[in-house]
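Right, one structure below, let's go through it.
The values are calculated or read from the model by the stated rules, or taken from the named source; none is laboratory data. It should be emphasised that the depicted structure is a prediction, and the values quoted were computed from it without experimental measurement. No Cβ is skipped: glycine too gets one built from the backbone with ideal geometry, and neighbour counts run over all protein chains shown.
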Amino acid sequence: MSLPVVAIIGRPNVGKSSLFNLIAKKKISVVHDYPGVTRDRIYADIEWDDRCFTIADTGGLDVRPKEELIDQVQHQVEIAVEEAKVLVFLVDVRTGVMPHDLLVAKKLRQINKPVFLVVNKVEGQKFDNDIYDFYRLGLGEPIPISCAQNWGIGDLLEQVAFALPESDVEDVGLSSTIKISIVGRPNVGKSSIINAILGENRMIVNDKPGTTRDAVNIHFVYQHIEFELIDTAGMRRKSSVKDELEQFSVQRAIKSIRQSDIAWLVLDASDDIAKQEKMIANYIANQGKASIILVNKWDLIEKDNDTFNRFVDRIHTLFPQLDYVPILFVSALTGQRVTNALDLSLEIHREYCTRIPTTELNSALTKIKSVYPPPRAGKVRPNLKYITQVDAKPPTFLIFASYPHKIKAHYEAYIVNELRDAFGFEGTPLQIHYRSTSKKQGGKPTKRLSY
């Protein structure tokens, strides 16, 4: 059973994301003085005073939207209000009661749910008398807080926790969750893919590049396994990232890759592959993340008998660092093969977590050496003596060898390819460490990354 939801709503720039971040105790929502920064629903699981609930940050509530994107944000807020058990209506003491606040309050008075009227930015006694003006919203006693000074948040949470319905959920731990970051250039269809998977307009989809500003985390269950999809801001070339807000969003996207188990690199089949996508691929590889390349908008491509092979060959040519990664051609618009990405992610995650018994590894190593011994380097020939797996996520191996620093890159690639042939590891990078068996060379491991 899901946790009860507490939704934070209010007009733009009153501090909703700041309040959310304080409650969640980490910087999840993008905080910036530009109105309308948070566009999607952002969630975090919270435990307070032995009560567990989910806090939801929403876009700024504009009851009379004029732009299409604002209208879609409105729809997201309305869904959050509908799914919430408790509502936190945030207002700004510095601006006082605004016409938007009156219209929102009128809507909230028609809802049969607990509503907490919270007045933010109460920094100093000079605002004490201004709080009383908010009584005219007709939503009960205003609760003063200051997100900037982290004041009044505990009192607010105590009242919210008391108003929550009883929950049957005992454990909100997500340790077994498969975390997938969805990355790529702006407007390649990342949010559309999530919507196709969930079967709802969970993410705001708009033709304007940069619609997703937050890294948005969505939890759901598929094949009895819990997934967490992280839709990230589109990652563009640094010269294209001109404002501070977008720079922070890209940083969040990079952080999301680091925190994920699997990265989906989304490409646009109808557009050329750009330099930025190669940089993203490098980052995924360097972080040692399992990954899938999703070629979206496949429905827009006119095909012949060789179209598929041409695309695959071009991707392998442009992304040699991800040559172990499967390529899936999908269409978020039609839903073609979208759920296949989840099935493939389940398989890849198993490979990502795989641990191979040491006896099987050494049997494979013996075969590797017998078929093709390490090439001589000058007067010496490296000798691979023993291999063991020291870690998973990604699979990491330690090879004991004489003269490991003399092992050539092409031979290391041969070792990795043979390990893949023997044990799989589809979509998963392999890390190789070496330790010299010579006392003169010392026993300190040296590290080489292999993909």
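I need the full set of residues from the stretch 376-411 which are touching a Phe, Trp or Tyr at 6+ places or on another chain (Cβ under 9 Å) and assigned to a helix (DSSP H, G or I), in order please.
P404, H405, Y411
Which of the following residues is over 34 Å from the mean Cα position of the chain (by Cα), surrounded by fewer than 21 Cβ atoms within 10 Å (Cβ to Cβ) and among the aliphatic types (A, V, I, L, M): A377, A392?
Being over 34 Å from the mean Cα position of the chain (by Cα), surrounded by fewer than 21 Cβ atoms within 10 Å (Cβ to Cβ) and among the aliphatic types (A, V, I, L, M) holds for just one of A377, A392, which is A377.
Every residue in the stretch 192-229 that is modelled with pLDDT of 70 or more and either surrounded by 24 or more Cβ atoms within 10 Å (Cβ to Cβ) or in contact with a Leu (Cβ under 6 Å, 6 or more places away or on another chain) (or both), please. Before the answer, list the steps.
Of the residues in the stretch 192-229, the ones modelled with pLDDT of 70 or more are 192-199, 217-229.
Scanning the stretch 192-229 gives I193, I194, I218, Y222, L229.
Looking only at the stretch 348-368, which residues are more than 16 Å from L398 (Cα to Cα) and either surrounded by 15 or more Cβ atoms within 10 Å (Cβ to Cβ) or in contact with a strand residue (DSSP E or B) (Cβ under 8 Å, 6 or more places away or on another chain) (or both)? Explain how you work it out, then say what you get.
Taking the stretch 348-368 first, the residues more than 16 Å from L398 (Cα to Cα) are 348-353, 367.
Those that are more than 16 Å from L398 (Cα to Cα) and either surrounded by 15 or more Cβ atoms within 10 Å (Cβ to Cβ) or in contact with a strand residue (DSSP E or B) (Cβ under 8 Å, 6 or more places away or on another chain) (or both): I348, H349, E351, Y352, C353.
For the structure I just gave you, tell me whether G152 is modelled with pLDDT of 85 or more and farther than 17 Å from V14 by Cβ. So that I can check it myself, show each step before the final result.
Details: modelled with pLDDT of 85 or more: yes; farther than 17 Å from V14 by Cβ: no.
Spelling it out, it is not the case that G152 is modelled with pLDDT of 85 or more and farther than 17 Å from V14 by Cβ.
Any residue that is of a type outside the set (S, T, Y), within 30 Å of H224 (Cα to Cα) and assigned to a helix (DSSP H, G or I) - is there at least one of those in the stretch 413-420?
yes
Rundown of residues vs (1) in the same structural domain as A196 (by TED's automatic domain parsing); (2) surrounded by fewer than 17 Cβ atoms within 10 Å (Cβ to Cβ); (3) acidic (D, E); (4) under 22 Å from N195 (Cα atoms), yes/no style:
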site	(1), (2), (3), (4)
L267	yes, no, no, yes
K278	yes, yes, no, no
A285	yes, no, no, no
G288	yes, no, no, no
F311	yes, no, no, no
H316	yes, yes, no, no
I327	yes, no, no, yes
V338	yes, no, no, yes
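Any residue in the stretch 237-248 that is buried (at least 23 other Cβ atoms within 10 Å of the Cβ), at pLDDT below 85 and assigned by TED's automatic domain parsing to the domain that holds S191?
Applying the first criterion (buried (at least 23 other Cβ atoms within 10 Å of the Cβ)) to the stretch 237-248 yields none.
No, the stretch 237-248 contains no residue that is buried (at least 23 other Cβ atoms within 10 Å of the Cβ), at pLDDT below 85 and assigned by TED's automatic domain parsing to the domain that holds S191.
Looking at this structure, is T334 in a loop (DSSP other than H, G, I, E, B) and closer than 17 Å to S270 by Cβ?
On the way: in a loop (DSSP other than H, G, I, E, B): yes; closer than 17 Å to S270 by Cβ: yes.
Answer is yes for this residue.
Among (1) exposed (fewer than 13 other Cβ atoms within 10 Å of the Cβ); (2) closer than 26 Å to K179 by Cα; (3) of a type in the set (A, V, I, L, M, F, W, C), which single condition is A332 missing?
It is condition (1) that A332 fails.
Only one of these conditions is not met by T359: (1) touching a residue at least 24 places away in the same chain (Cβ under 8 Å); (2) part of a helix (DSSP H, G or I); (3) more than 26 Å from the chain's Cα centre (by Cα). Which number is it?
(1)
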